[in-house]
Amino acid sequence: MRYAQRGGYTPAEQQRRERLRLDAAGRFGRGDSTPEIAADLRVTERTVRRWRQAWRDGGTEALRSRGPVSRERLSPRQWARLELELGKGPLAHGFAGDQRWTLGRIKTLIGKLFHVGYTVEGTWRLLRRHGWSCQVPVRQAMERDDAAVAVWKDQVWPDIKGPRATWAPTSASRTRQARG
């Protein structure tokens, strides 16, 4: 993740960004130009100008990371357990009917398992921070037979569809085309 995507930075990403800022600080001291630094570090010129101002005001220490914006409330062990529980599906945790994980259901599950309160938005940020994305599962019938579907696509559908026309399409206009 190059920039924060509403999920916050992982610790590794925070360290990488801090290295970029400290590298920029060294280049500020040498007198390199803003566009040159931005191109080399693959960041925007506005970001480099903001870093340069912080460097002027507080030196290299002003560019050091101040730690995570918010402390993660789930330990790595708890997160691993949550992933395992999410893999079991909503039915295993008493959510009948629709078999999709919603943010509200995941929030409730976190509360039940770990007695930790998250908001719906906080749950979304937690999931994004750990590489999860929102996806809607493809709806398929329980009775679906993939082998029969493959046979139908290969053998039946080409006969129904018919051969492709080899001539150029005519005009869509209702008027008769002029001849000669």
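The values are calculated or read from the model by the stated rules, or taken from the named source; none is laboratory data. Being a predicted model, the structure only gives us computed values, none of them experimental. No Cβ is skipped: glycine too gets one built from the backbone with ideal geometry, and neighbour counts run over all protein chains shown. Note: accessible area is taken over every heavy atom of the protein model, side chains too, but ligands, DNA and RNA are not part of it. Shrake-Rupley method; radii C 1.70, N 1.55, O 1.52, S 1.80 Å.
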Partner lysines for LYS88 [C-alpha distance under 18 Å; skip if fewer than 8 residues away on the same chain]: LYS107, LYS112
Inter-probe distance in nm under a simple model that places probes 7 Å from Cα toward Cβ, at ASP145 and GLN14: 5.6
Simple label model, 7 Å out from Cα along Cβ direction - TRP132 to TRP79, nm: 1.2
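Quick check: at a probe of 1.4 Å, how many percent of the accessible area of the range 11-142 sits on carbon and sulfur atoms? Walk me through the numbers on the way to the answer.
Working: 4540 of 8780 Å².
Carbon and sulfur atoms account for 52 percent of the accessible area of the range 11-142.
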